[in-house]
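The values are calculated or read from the model by the stated rules, or taken from the named source; none is laboratory data. The model shown is predicted, which means the values in this text are computed figures rather than measured ones. Glycine also receives a Cβ, built like all others from the backbone with ideal geometry; neighbour counts cover every protein chain displayed. Just the protein is used for accessible areas: all its heavy atoms, side chains included, with ligands, DNA and RNA removed. Shrake-Rupley method; radii C 1.70, N 1.55, O 1.52, S 1.80 Å.
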Amino acid sequence: MSQSHKDILKLEGVSKFYRTRGNRYRRGGGTVVALSRVNLSLRPGEIFGLVGESGSGKTTAGRLVVRLEEPDEGRITLDGVDITHLKGGGLRDYRRKVQMVFQDPYQSLNPQMTIADAVAEPLITNKVGDPADRLERVLGVLDTAGLSPAEDFIYRFPHQLSGGQRQRVAIARAIVLEPSLLVADEPTSMLDASYSAQIFEILQGVRDQMGATIIFITHSMAAARYLCDRIAVIYHGHLVEQGPAEAVINSPSHPYTKALIDATPKFGRCEGVPTYGTYLPAPRPAGEQAGCPFFQRCALAERLLCSATYPEWRQVAGEQVCLCHFAAEGGQSPPPPEECRLGG
Amino acid sequence: MSVQQATLQSLKAGRRALWRQRLAENWRVFRGNLLGKIGLSLLVMFGLMAGLSYIPPLIDPMYHPMTGVDPLVVKSTGPSLTHWLGTDFMGRDILSQLLAGARVAFMVGVSAAFMSVVLGTAVGMTAGYLGKTTDTLLMRLADMIMVLPTLLVVLMLAALFGQLSIWMIVLMIALFRWPGVSRVIRAQTLSLKQRPFIDAARVAGASHTRIIFRHIMPNVLPLAFLYMTFRVTSAIVIEAGLAFLGFGDPGTVSWGMMLQWVWKTGHMFTAPYWLLPPGICISLITLSFYMLGRAMDEVLDPRLRDETQAG
Amino acid sequence: MALLKVENLSIGYRTAGGMLKAVDGVNLSLEEGRSLGLVGESGCGKTTIGMALMGLLPPNGSITGGRIVLDGVEISALDEEELRKVRWSQVAMIFQAAMNALNPVIRVSAQMTEAIRTHRPDMDEQAIMQRVEGLFNLVGLPLERLHDFPHQYSGGMKQRAIIAMALALNPKLIIADEPTTALDVIVQDQILKETKVLQEQFDIGIIFISHDISIVAEVCHDIGVMYAGQLVEAGPAQEVFFNSKHPYTRALVGSFPTLAGPKSKLTPIPGEPPNLIGAIPGCRFCDRCPKDTASCKLEPPKWQEINERHWVLCDHC
Ligand SMILES: Nc1ncnc2c1ncn2[C@@H]1O[C@H](COP(=O)(O)OP(=O)(O)O)[C@@H](O)[C@H]1O
Ligand SMILES: Nc1ncnc2c1ncn2[C@@H]1O[C@H](COP(=O)(O)OP(=O)(O)O)[C@@H](O)[C@H]1O
Ligand SMILES: [Mg+2]
Ligand SMILES: [Mg+2]
């Protein structure tokens, strides 16, 4: 996490809390910690993976980056400029550079707006070009997003497209301003498995041809491995492990990372493949508040230490760091045999 | 450049074709709905009546619904060759009055409904989108107006200010009937505001004005339109009630007015040819707008046109 | 004798645009205690087959050809009254998005006892309660949560409760339609493993429907790949997966990333599946197929035997 001079985006100690109101079933209100003191820095042109289960705060992180949400603590900078509390015109200028693809393509397009209007919207709001220029750019960007011939799509409404096509429209709209940073929030999780390869290819194209930096949010370790240069694993709003994608996946260090790898579908002749077994099937009683965020589910936790002391970041190898008291003990697992496939 | 212009042209043409296709699709769903077909046929009939209402006075001034008196008739008479539905107590032609009444019903119904729906939609969208204090204030106001019994209040106003003109009545109905619409539109706006496509628009740089007019409004308009058909019904009924109770515009011939004349001149039980036509017309026109509304409900039902999820 | 035989099954939906042939000439067979995975893109007719097996097609859908035989009884010929007896006691279904099928205002325990009571009027209350508790243990739900309301459960717990309900009457066949699509990776993994254990323990036949071939391959003995209403490849999971013949199956297998081994390039499937309203003369996949030849568009493909249990519907494989 050094080399601040070439980082494009930096999150420093960013936290986000949601206040929930009590209702008929849940008495009183409470505070949900969606993100807790998150530090991240992105390098220009990389695809950075944010991996975790649902509810772990991935979407919140993405929404903070595009400033749909304001952090409660900490600072976000883009190219060294503080954007934590931007408003008005400044925010609009910022969003020319930072765009987002949302998780659910069935929900993220206005049902009453044609594809042409939807994709042209960022151009219109930012007063780019005249109608003819805009149309040309819309056609070009639809083509980039794999919707060709683009002329066939611009006259349609979202409900006339399949989920995969809709998501590609959403990507087209996010890249029409050629942003330098793109947040892709689980862009394939609502789609058929067979569409993901297309979406991955388009995202790679966006990085390679436009030089955009991409935050790729996913719950799939395999997808993160395929697409990302570096990844961060997030659990209940806390980052727990971070490093180059290959390193984190081949020799995971945090017990939660290991659990995610264990949970990846396996098939073929996988009888001998070892599992890490770091995830408790039933949670143990909570420890003190200050303890390790993974304590309740961690099979390796030591009662006294882990329930009471928040771990420190430890360097595991090279750039791989891990938030665990026992980080150094993380080891490489032998590669599975040929006939066994892990993925999905 | 000309290539670009050509593409732009074709974009416009494509967009027109798209809307045509959409209309055709809606029409197809509508046609499949029996209630809708009945309602629409009835409305076409009333529309024809309203259109035809201009003809009798042209044939002979004695067919003027308000001022035309048949000099040969001195009391209410039943149907005859010169007066197909008979005449009223002073010799005016009932059929001409009935036709003129259709015109007034449409005018009152549609304009009052239009105004109340425009007002209700504007208030509902503002309250829903801005939220907080604005929302609270507007909705409290709506509640206050909603609990007022419209007919009674308009009656009191009429008693206070003397006879009201038909446009005043339309305005009153509009002013008293928007809260229901605004509640529905507000609820819809609230739920739309939470939808991810609004977030997507914000990320695309859309201003609040753009979000309201380009994203929220097109999604509430179908609902507003639906409410309009129901509001027409209530406006017609209120006007008829007012007129029947003697607080209508004395310068217009509405069906309610006709009923009032029947009543006031004591022909309630003696002249069915005079009593029944306006009574039946009021019931039928309200019924037909209601049926139209129900059919629209189906046409606009998102479940029938919208997406299914992956998987 | 096979537990389930589906012969030449065709199902159509009446729609405004005409007859939609959602399922077209599908043959399946399932032995007792084995599991069959049905995979394919959404819209290819998987749910429709599941619903037909339960006799629960929507009003505008009907079986237009072929038959379904479960345990010697022809399901497709039963009337509603007879179907009701078969349903749940012989075949149970875990519906797509079933977690939302639990009634939010009724306690889970009450929903489960109710389900048993309607089908087994002979059982007394105590026996039913015991059965419910047994089921809870079976699917790994803590007994102290028995009387909770569904919203107090996590997604994974709801799915377990649904599985317990499906097991309640000891059915011979369970149809699981995308049972884990809405779940988290870790929970999904737990549920899949548990399903497998339960299936082996009770010798239940399972038809497992999913759009994700990696999940199906993990759980099932056999795989049937569906495309646009037809079965296009069928065989033992290992065979279909590692020795895929049909270009569509190959594309499916090649379209998801893996955790280990070389990072090979994924193979996206271009285009979209065909419209199922109206006749399709040739192979349904030919528009998206790398092997497309002139004859593919004209002639319907024929079944080719790869080996005794592995079949493919393609003339060029
Ligand atoms: N608007 C909100 N109000 C209250 N709680 C929220 C809101 N958005 C997210 N949360 C909570 O914050 C946590 C993180 O959510 P999210 O970022 O959506 O996770 P993910 O994208 O990883 O699934 C969850 O516990 C969620 O319930
Ligand atoms: N009730 C219905 N009426 C008309 N068409 C339907 C109905 N249900 C499903 N279909 C159509 O039948 C086809 C198969 O659907 P389905 O069985 O749900 O596929 P899958 O489960 O594989 O996604 C799709 O083209 C779908 O649009
Ligand atoms: Mg999310
Ligand atoms: Mg389905």
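Name the single residue, out of those in the stretch C:42-61 being of a type outside the set (A, V, I, L, M) and more than 10 Å from ligand 4 (Cβ to nearest atom), that is nearest to the chain's Cα centre (by Cα).
C:55
Before we move on, is residue B:72 more than 11 Å from chain A (Cβ to nearest Cβ), under 24 Å from the mean Cα position of the chain (by Cα) and modelled with pLDDT of 80 or more?
Details: more than 11 Å from chain A (Cβ to nearest Cβ): yes; under 24 Å from the mean Cα position of the chain (by Cα): no; modelled with pLDDT of 80 or more: yes.
It is false that residue B:72 is more than 11 Å from chain A (Cβ to nearest Cβ), under 24 Å from the mean Cα position of the chain (by Cα) and modelled with pLDDT of 80 or more.
Which pairs turn up if I take residues in the stretch C:80-109 that are closer than 13 Å to residue C:151 by Cβ and look for partners that are of a type in the set (S, T, N, Q) with beta carbon separation below 8 Å, at least 6 apart in sequence or on another chain?
As it stands, the answer is C:99/C:159; C:102/C:111; C:103/C:111, since those pairs meet every condition given.
Return yes when residue C:218 is away from ligand 4 (no atom under 15 Å from the Cβ) and closer than 18 Å to residue A:341 by Cα and no when it is not.
The answer is yes for residue C:218.
Do we find that residue C:108 is under 19 Å from residue C:11 (Cβ atoms) and among the β-branched types (Val, Ile, Thr) in this structure?
It is false that residue C:108 is under 19 Å from residue C:11 (Cβ atoms) and among the β-branched types (Val, Ile, Thr).
Could you list all residues from the stretch A:285-322 that are in a strand (DSSP E or B) and open to solvent by less than 60 Å² (accessible area, probe 1.4 Å)?
A:298, A:316, A:317, A:320, A:321, A:322, listed by residue number.
Considering only the stretch C:224-270, how many residues are on the phi > 0 side of the Ramachandran plot and at pLDDT below 85?
1
Which of the residues spanning the stretch A:150-159 are within 8 Å of another protein chain (Cβ to nearest Cβ) and open to solvent by 30 Å² or more (accessible area, probe 1.4 Å)?
Of the stretch A:150-159, the ones within 8 Å of another protein chain (Cβ to nearest Cβ) are A:151, A:154-159.
Of everything in the stretch A:150-159, those that are within 8 Å of another protein chain (Cβ to nearest Cβ) and open to solvent by 30 Å² or more (accessible area, probe 1.4 Å) turn out to be A:151, A:155, A:156, A:159.
Would you mind finding the one in C:66, C:43, C:25 that is within 15 Å of ligand 2 (Cβ to nearest atom), closer than 14 Å to residue C:5 by Cα and open to solvent by 10 Å² or more (accessible area, probe 1.4 Å)?
Details: C:66 fails: within 15 Å of ligand 2 (Cβ to nearest atom); C:43 fails: closer than 14 Å to residue C:5 by Cα.
Within the list C:66, C:43, C:25, the selection yields C:25.
Name the pairs: first residue in the stretch A:160-189 and under 21 Å from residue A:60 (Cα atoms) and facing another protein chain (nearest Cβ under 10 Å), second residue within 16 Å of ligand 2 (Cβ to nearest atom) and assigned to a helix (DSSP H, G or I), Cβ to Cβ under 7 Å, at least 6 apart or on different chains?
Within 7 Å, the pairs are A:188/A:195.
Would you call residue A:45 under 24 Å from residue A:228 (Cβ atoms), open to solvent by 20 Å² or more (accessible area, probe 1.4 Å) and touching a Lys or Arg at 6+ places or on another chain (Cβ under 7 Å)?
yes
Which numbered condition trips up residue A:163, out of (1) within 16 Å of ligand 4 (Cβ to nearest atom); (2) open to solvent by 20 Å² or more (accessible area, probe 1.4 Å)?
Unmet for residue A:163, out of (1) within 16 Å of ligand 4 (Cβ to nearest atom); (2) open to solvent by 20 Å² or more (accessible area, probe 1.4 Å): (2).
With respect to residue B:56, determine if the residue is part of a helix (DSSP H, G or I), away from chain A (no Cβ under 14 Å) and farther than 30 Å from residue A:133 by Cα.
So residue B:56 passes the test.
Take residue C:238 and tell me if it is at the interface with chain A (Cβ under 8 Å from one of its Cβ atoms), open to solvent by 30 Å² or more (accessible area, probe 1.4 Å) and not small (Gly, Ala, Ser).
Working: at the interface with chain A (Cβ under 8 Å from one of its Cβ atoms): yes; open to solvent by 30 Å² or more (accessible area, probe 1.4 Å): yes; not small (Gly, Ala, Ser): yes.
It is true that residue C:238 is at the interface with chain A (Cβ under 8 Å from one of its Cβ atoms), open to solvent by 30 Å² or more (accessible area, probe 1.4 Å) and not small (Gly, Ala, Ser).
Among the residues of the stretch C:131-169, what is the count of those that are among the charged types (D, E, K, R) and part of a loop (DSSP other than H, G, I, E, B)? Break it down into steps so the answer makes sense when it comes.
Step one: of the stretch C:131-169, the residues among the charged types (D, E, K, R) are C:131, C:133, C:144-145, C:148, C:158, C:160.
Now drop any that are not part of a loop (DSSP other than H, G, I, E, B), which leaves C:148.
Here the count works out to 1.
Kindly check whether there is at least one residue in the stretch C:211-225 that is among the hydroxyl-bearing types (Ser, Thr, Tyr), crowded, with 24+ Cβ neighbours inside 10 Å and within 8 Å of chain A (Cβ to nearest Cβ).
Yes: one or more hits.
Taking residue B:106 as meeting all but one of (1) assigned to a helix (DSSP H, G or I); (2) without any contact (Cβ under 8 Å) to a residue 12 or more places away in the chain, write down the number of the exception.
Here residue B:106 clears every test but (2).
Select, from A:68, A:86, A:109, the only residue that is more than 9 Å from every other protein chain (Cβ to nearest Cβ), aliphatic (A, V, I, L, M) and assigned to a loop (DSSP other than H, G, I, E, B).
Result of the check over A:68, A:86, A:109: A:86.
Kindly indicate the residue of the stretch A:259-291 that is among the basic types (Lys, Arg) and modelled with pLDDT of 75 or more and also farthest from residue C:183 (Cα to Cα) among those meeting that condition.
Checked the stretch A:259-291; the qualifying residue farthest from residue C:183 (Cα to Cα) is A:284.
Can you work out which of the residues in the stretch C:170-207 that are facing another protein chain (nearest Cβ under 8 Å) and in a loop (DSSP other than H, G, I, E, B) is most open to solvent (accessible area, probe 1.4 Å)?
So the residue we want is C:181.
Considering only the stretch B:189-207, state which residues are in a helix (DSSP H, G or I) and either aliphatic (A, V, I, L, M) or more than 9 Å from chain A (Cβ to nearest Cβ) (or both).
Answer for the stretch B:189-207, where residues must be in a helix (DSSP H, G or I) and either aliphatic (A, V, I, L, M) or more than 9 Å from chain A (Cβ to nearest Cβ) (or both): B:189, B:190, B:191, B:192, B:193, B:198, B:200, B:201, B:203.
Please go through the stretch A:39-49 and pick out each residue that is hydrophobic (A, V, I, L, M, F, W, C) and within 14 Å of chain C (Cβ to nearest Cβ).
If we filter the stretch A:39-49 for residues that are hydrophobic (A, V, I, L, M, F, W, C), which is where we start, we get A:40, A:42, A:47-48.
The one that is hydrophobic (A, V, I, L, M, F, W, C) and within 14 Å of chain C (Cβ to nearest Cβ): A:47.
Name the helices (runs of 4 or more DSSP H) wholly inside the stretch B:208-305 in which the number of residues that are more than 30 Å from residue B:194 (Cα to Cα) is 1 or more.
Of the helices (runs of 4 or more DSSP H) lying wholly inside the stretch B:208-305, those with at least 1 residues that are more than 30 Å from residue B:194 (Cα to Cα) span B:217-244, B:255-264, B:272-300.
Identify the single condition in (1) closer than 30 Å to residue B:12 by Cα; (2) at the interface with another protein chain (Cβ under 10 Å from one of its Cβ atoms); (3) of a type outside the set (A, V, I, L, M, F, W, C); (4) open to solvent by 10 Å² or more (accessible area, probe 1.4 Å) that residue A:54 does not satisfy, given that it satisfies every other one.
(1)
Which one is nearest to the other protein chains (Cβ to nearest Cβ), of the residues in the stretch C:258-294 that are assigned to a loop (DSSP other than H, G, I, E, B) and small (Gly, Ala, Ser)? Steps first, answer last, please.
Let us first name the residues in the stretch C:258-294 that are assigned to a loop (DSSP other than H, G, I, E, B), namely C:259-276, C:278-285, C:289-293.
Filter once more, so that each one left must be small (Gly, Ala, Ser): C:260-261, C:264, C:271, C:278-279, C:282.
Working: C:260: 5, C:261: 7, C:264: 10, C:271: 10, C:278: 18, C:279: 22, C:282: 21 Å.
Per the criteria, the residue is C:260.
Among the numbered criteria (1) away from ligand 4 (no atom under 16 Å from the Cβ); (2) within 29 Å of residue C:275 (Cβ to Cβ), which one does residue C:188 miss?
The number of the failed condition is (2).
If I go through the stretch A:171-186 residue by residue, how many of them are open to solvent by 10 Å² or more (accessible area, probe 1.4 Å) and either outside the structural domain of residue A:116 (by TED's automatic domain parsing) or within 19 Å of residue A:112 (Cα to Cα) (or both)?
So the answer is 1.
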